[in-house]
Amino acid sequence: MDFQFTEEQLLLRKTVRDFAEKEILPATGDMERGMFPREILGKMATLGLMGITIPETYGGAGLDFTAYVIAVHEISKASATIGVILSVHSSVGTAPILYFGSEAQKQKYLPKLASGEYLGAFCLTEAEAGSDAKNLKTKAVKQGGHYVLNGSKMFITNGGEADTYIVFARTEDGNITAFIIEKTMPGFRTGKDEKKMGLHGSKTVQLHFENLQVPAENRLGEEGEGFKIAMAVLDAGRIGIAAQALGIAEGAYELALQYAKNRRQFGKPIHAFEGTGFKLADMATNIEASKLLVYRSAFLRSNGLGCKKEAAMAKLLASQTAVDTAIEAVQIFGGYGYTKDYPVERFMRDAKITQIYEGTSEIQRIVISNQLLREKRL
Ligand code: CAA
C-alpha cells in the first residue's frame with residue numbers, strides 16, 4: 001500500500017495548480033457572467049490536459065487515469081466550471097472512442113480531441129430518460145450506408161460548444177446503439193440553453209436531431225452495445241465528477257480555514273471558537289475520506305481493475321462532502337460569505353450538481369448495493 005504521489009504526479013499537480021492560479025482564477029468572474037472559457041481550454045490543450053489519457057500515438061499526453069484525476073481535482077479548486085468541461089470532454093466525451101472505437105475512428109477523432117481542436121460531449125439523457133437511462137427514445141434507422149437519427153437530448157454538458165457527441169439511440173431491433181455525431185452534420189440543432197444555479201461558464205443545452213444522417217462508419221461498437229458502453233464509460237466518468245467535487249470541497253475549505261484564522265471577533269480569531277474549529281475539523285476529515293476514495297478508485301481504473309462500486313462510492317461521498325463543506329464555508333464567512341465578494345457562495349452553488357449529474361446520489365447507492373450483492377465478501 002502506498003499513499004504517496006510519485007515525483008511525476010507531484011510535478012503534474014504543481015503544473016496544474018500554477019496554471020489554475022495564474023490563468024483560471026482571474027477568469028472566474030467572466031465565467032460567472034456566462035463566458036464559455038474557450039481561450040483557457042486552448043491553453044490547457046497546449047499543456048496536454050485535453051488529451052491527458054490519450055496515447056501519444058494519437059497525439060495525447062499518454063498519462064494514466066490518476067493523472068487525469070489530479071488535473072480535474074486541482075482545476076476544480078479554482079473553477080468547477082472548467083472542472084466539468086474537462087471531465088466530460090475527457091471521460092464520457094472521448095473515452096468511448098478510445099475504448100470502443102475502431103482504428104479508423106481513433107485515427108480520425110482522437111488527435112483532434114487531444115489537441116483541443118475538438119471538444120467532446122456525451123448524449124445519453126432525455127426528457128423522459130434521466131436516471132432511467134434505458135428508457136431513451138431517440139431513434140436510429142438504418143438506410144443504406146447511413147443511420148437516420150431523430151430525437152432530442154437534454155442537459156448536455158458542452159452542448160453546442162462541442163464538436164463531437166457520443167449519442168445513444170434506439171435502433172430498429174429496440175436495442176441501444178452508440179454513434180459519434182459531429183456538430184456539422186445536417187440535422188443537428190442546438191436547443192434551449194439551460195439557466196442554472198451554478199457552473200455558469202459551462203454550457204448545458206438541449207439538442208435536437210432532425211433526420212440527422214450519420215454514416216454507418218460512425219457507429220461506435222456493434223448495434224445493441226450502446227448501453228454497455230454508456231455504463232462502462234460512466235464508471236470512469238463518475239470518478240472525474242468525484243474529483244471535481246473533491247476540488248470544490250477543498251477550494252471552499254481552504255478559503256474558510258484562512259478566513260477563520262484571520263477574522264477576529266470577541267477579541268480572538270474565530271478559529272479559536274469550538275463552533276468554528278469543529279466545523280473545520282469535520283470538513284478536513286470528510287475531505288480526507290473523499291480523497292482516499294477518489295484516488296483509490298483512480299488507482300483501480302489506472303491499473304485496469306474493476307472500479308464500479310468504488311467509483312460510485314467516491315462520487316457519493318465526495319459530492320456530499322462538497323455540498324456540506326461549501327455550506328459550512330459560507331457559514332464561517334458569515335455575511336461576507338453570502339456576498340459575491342468572496343467565492344464561497346460560488347462553491348456552494350456549484351457543489352449541488354455533483355450530487356445530480358453522471359448519476360444522482362440515489363443512483364450511486366443503487367449501483368453500490370447491486371455490486372454488494374454480487375460480491376462474496378469485502
Ligand atoms: N462494463 C461493461 N458492461 C457493463 C458495465 C461496465 N462497466 N456496467 C454495466 N454493464 C452492463 C451490464 O453487465 C448489463 O449487461 P447485461 O444486460 O448483458 O447483463 C448492462 O450493462 C446493464 O447494466 P446493469 O444491469 O447494471 O444496469 P441497469 O439496467 O440495472 O442500470 C442504472 C440501472 C444503474 C440505474 C442505470 O440506468 C444508470 O446508471 N442510470 C443513471 C444514468 C446516468 O448516470 N446518467 C448520467 C448522464 S451523463 C451526464 O450526466 C454527463 C454530463 O453531462 C455531466
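The values are calculated or read from the model by the stated rules, or taken from the named source; none is laboratory data. Only a predicted model underlies this, so the values are computations on that prediction, with no experimental measurement involved. Every residue, glycine among them, receives a Cβ derived from its backbone with ideal geometry; neighbour counts consider all protein chains shown. With ligands, DNA and RNA removed, areas are computed over all heavy atoms of the protein, side chains included. Shrake-Rupley method; radii C 1.70, N 1.55, O 1.52, S 1.80 Å.
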### Message
Among the residues in region 53-62, are any within 17 Å of Arg238 (Cα to Cα) and open to solvent by less than 10 Å² (accessible area, probe 1.4 Å)?
### Response
no
### Message
Every residue in region 352-378 that is more than 13 Å from the ligand (Cβ to nearest atom) and free of Cβ contacts under 8 Å to residues at least 24 places away in the same chain, please.
### Response
Lys376, Arg377, Leu378
### Task
Please go through region 315-351 and pick out each residue that is open to solvent by less than 40 Å² (accessible area, probe 1.4 Å), away from the ligand (no atom under 14 Å from the Cβ) and under 21 Å from Arg365 (Cβ atoms).
Ala318, Thr321, Ala322, Val323, Thr325, Ala351
### Query
Can you name the residue in region 230-240 that is near the ligand (Cβ under 8 Å from one of its atoms) and over 13 Å from Gly93 (Cβ atoms) and is also most open to solvent (accessible area, probe 1.4 Å) among such residues?
Met231
### Task
Take the residues in region 82-104 that are β-branched (Val, Ile, Thr) and over 15 Å from Met44 (Cβ atoms), then tell me which one is farthest from the ligand (Cβ to nearest atom).
Ile97
### Task
Report, ordered by the first and then the second residue, all pairs with beta carbons closer than 6 Å, sequence separation of six or more or different chains, a first member in region 207-232 that is part of a helix (DSSP H, G or I), and a second member that is within 16 Å of the ligand (Cβ to nearest atom) and open to solvent by 60 Å² or more (accessible area, probe 1.4 Å).
Ile229/Phe100
### Message
Need the failing condition index for Lys196 against (1) more than 10 Å from the ligand (Cβ to nearest atom); (2) open to solvent by less than 40 Å² (accessible area, probe 1.4 Å); (3) not in a strand (DSSP E or B), just the number.
### Response
(2)
### Query
Restricted to region 280-314, and to residues that are open to solvent by 70 Å² or more (accessible area, probe 1.4 Å) and aliphatic (A, V, I, L, M), which residue is modelled with the lowest pLDDT?
Leu305
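State all residues of region 46-68 that are within 16 Å of the ligand (Cβ to nearest atom) and in contact with a Gly (Cβ under 8 Å, 6 or more places away or on another chain); if no residue qualifies, say none.
Tyr68
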### Query
When residues of region 48-67 are filtered for being part of a loop (DSSP other than H, G, I, E, B) and among the hydrophobic types (A, V, I, L, M, F, W, C), how many remain?
4
### Message
Quick check on Glu274: is it open to solvent by 30 Å² or more (accessible area, probe 1.4 Å), in contact (Cβ under 8 Å) with a residue 24 or more places away in the chain and either within 16 Å of the ligand (Cβ to nearest atom) or farther than 30 Å from Gln371 by Cα (or both)?
### Response
no
#### Entry: Within region 33-47, tally of residues that are open to solvent by less than 20 Å² (accessible area, probe 1.4 Å) and assigned to a helix (DSSP H, G or I)
4
### Summary
For region 248-263, pairs from a residue that is under 16 Å from Glu345 (Cα atoms) to a residue that is of a type in the set (S, T, N, Q) and open to solvent by 80 Å² or more (accessible area, probe 1.4 Å), with Cβ under 9 Å and 6 or more apart or across chains, are Ala256/Gln331
### Query
Do any residues in region 335-351 that are within 16 Å of Arg263 (Cα to Cα) have Cβ atoms under 8 Å from those of residues that are in a loop (DSSP other than H, G, I, E, B), where the two are at least six apart or on different chains, and which pairs are they?
Tyr336/Tyr342
### Task
Could you figure out which of (1) in a loop (DSSP other than H, G, I, E, B); (2) small (Gly, Ala, Ser); (3) within 13 Å of the ligand (Cβ to nearest atom) isn't true of Ala178?
(1)
### Task
Return a yes/no flag: does region 121-136 have any residue that is within 16 Å of the ligand (Cβ to nearest atom) and more than 27 Å from Glu210 (Cα to Cα).
no
### Summary
Exception for Thr184 within (1) part of a loop (DSSP other than H, G, I, E, B); (2) open to solvent by 50 Å² or more (accessible area, probe 1.4 Å); (3) within 15 Å of the ligand (Cβ to nearest atom) falls at (3)
